[in-house]
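Participant: Dumping the structure here so I can ask a few things about it.
The values are calculated or read from the model by the stated rules, or taken from the named source; none is laboratory data. Predicted model, so just to flag it, every value in this text is computed and none were measured. All Cβ positions, glycine included, derive from the backbone under ideal geometry; neighbour counts span all protein chains shown. Just the protein is used for accessible areas: all its heavy atoms, side chains included, with ligands, DNA and RNA removed. Shrake-Rupley method; radii C 1.70, N 1.55, O 1.52, S 1.80 Å.
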Amino acid sequence: ELAFAGLPEVVVDDRELRRDGPTYTIDTLTELRADWPQAELFLQIGADQAAAFHIWRRAQDIVNLAIISIAARADVSGAATQFDIEDPLPGLRVPPGRVRVLPLPPMPHSATEVRRRAAAGLAIDHLVAPAVAGYIAKHHLYQSAR
């Protein structure tokens, strides 16, 4: 919520946090479809997840419910991620128009790096929104008990 606070057209949906037990993307998309039957649903994933998408629970149903937007990001050296644009979701039948590739600029830090830096007590305010950095620091997130 803090990261999207400045974007009035964005709604952060916390239904997965409120759900008991394991939560799966297909469950969330099914609920969203029931809540907004006319909405066009988009699922944004990284190229790494696209490669493993075929093992997600009910992957084919996900493709049928939502347009899959794949973030294909180059690394800091400029090398593209391992991603086959001709077969973006290997092992699935993908109807035309159900996958969109989102070319993104290189980023020097991943979410894993942000968590590692926070755990080490290093600054992350240049990597995440200031409100997010403040929340992580205030609640000592990603730090192990000492």
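Participant: Considering (1) open to solvent by 60 Å² or more (accessible area, probe 1.4 Å); (2) modelled with pLDDT of 80 or more; (3) more than 17 Å from the chain's Cα centre (by Cα), say which one ILE55 fails and leave the rest.
Facilitator: ILE55 satisfies every listed condition except (3).
Participant: Then there is this: Of the numbered conditions (1) of a type in the set (A, V, I, L, M, F, W, C); (2) in a loop (DSSP other than H, G, I, E, B); (3) surrounded by 13 or more Cβ atoms within 10 Å (Cβ to Cβ); (4) modelled with pLDDT under 85, LEU89 fails exactly one; give the number of that condition.
Facilitator: (4)
Participant: Something else about it: If you check every pair at least six apart or on different chains, which have Cβ atoms under 8 Å apart with a residue in region 1-12 that is closer than 18 Å to PHE42 by Cα first and a residue that is acidic (Asp, Glu) and surrounded by 10 or more Cβ atoms within 10 Å (Cβ to Cβ) second?
Facilitator: Between residues of region 1-12 that are closer than 18 Å to PHE42 by Cα and residues that are acidic (Asp, Glu) and surrounded by 10 or more Cβ atoms within 10 Å (Cβ to Cβ), the close pairs are VAL12/GLU1.
Participant: I want to confirm something. Restricting to region 21-52 and keeping residues that are assigned to a helix (DSSP H, G or I) and of a type in the set (Asp, Glu), which single residue is farthest from LEU65 (Cα to Cα)?
Facilitator: Per the stated criteria, the residue is ASP48.
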